[in-house]
Amino acid sequence: MSEMGLLASDNAREFITFRIGSQYFCIDILCVREIRGWTPATALPRAPRFVRGVINLRGIVLPVVDLAERFGFAPAEPTPRNVIIVAQTSRQVVGLLVDAVSDIVVVAKDRLQPTPDVGSDAAKAFVEGVMAIEDRLVSLVSLETLMPCAKGEAA
């Protein structure tokens, strides 16, 4: 479970890692409510392109965000192999459409490096930092920036 042999503590954080295309990302495991298989979503008129629509999750209407499209990659073409990570932000519960969930890892806090300056504020808006886990770089997603928070906000 932990590639570094640590337990989550004041000096370490636990993450769930997932893949979008060939890129790896993670979110804090404390934000994850569940992981479920792909369910076709009901489209909403005039929703941002990255919002696939909504699904009914045990009586809760859950927006589903295509993380590939939100991050500027080619939109996902969901298949039964895709998954939805149900995550809690400070404002709402949201479904994150990803290609696959990879691992649960515990990483020392000092392993998280700042997001490199790549000349794009959008990159820094969605990524809190980057860390090396095993033989790959993993970007820590900022859940709070995924959904627009006000009417008329640019997507």
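Read the figures in this text as sums done on the coordinates, not as results from a lab. Here the structure is a predicted model, which is why all the values come from computation and not from measurement. All Cβ positions, even for glycine, are placed from backbone atoms using ideal geometry, and neighbour counts span all protein chains on display.
For the pair residue 56 and residue 89, what calculated FRET efficiency results from E = 1/(1 + (r/R0)^6), where r is the Cβ-Cβ distance and R0 = 25 Å, to the nearest 0.05?
0.80
Over the Cα atoms, compute the radius of gyration (one decimal) and Dmax (the largest Cα-Cα distance, rounded to a whole number) for the range 12-145, in Å.
For the range 12-145, the Cα radius of gyration and maximum Cα-Cα distance read 14.5, 44 Å.
Roughly how many nanometres apart are two label points built 7 Å out from the Cα toward the Cβ at residue 109 and residue 46?
The answer from the label model is 4.4 nm.
Run through the range 41-120 and list the trypsin sites (Lys or Arg not before Pro) located in a DSSP loop whose Cβ has at most 12 other Cβ atoms within 10 Å.
Answer in residue order: 46, 49, 58, 81, 91.
How much length is gained if the chain between residue 77 and residue 33 is pulled fully straight, taking 0.36 nm per residue apart and subtracting their Cα-Cα distance, in nm to one decimal?
Working it through step by step, the gained length comes to 13.5 nm.
Can you compute the helix-only [θ] at 222 nm over the chain? Use -39500 (n - 2.57) per DSSP H run of at least 4 residues, normalise by all residues, nearest 500 deg cm²/dmol.
Only helices count here, giving -1000 deg cm²/dmol.
For the range 137-142, take each phi angle, set θ = phi - 60°, evaluate the Karplus expression 6.51 cos²θ - 1.76 cosθ + 1.60, and give the result in whole Hz per residue in order, putting x for glycine and proline.
Couplings: 8, 10, 9, 7, 7, 8 Hz.
Once R0 is set to 25 Å, what does the formula 1/(1 + (r/R0)^6) return for the Cβ-Cβ distance between residue 100 and residue 10, expressed as a FRET efficiency to the nearest 0.05?
About 0.20, to the nearest 0.05.
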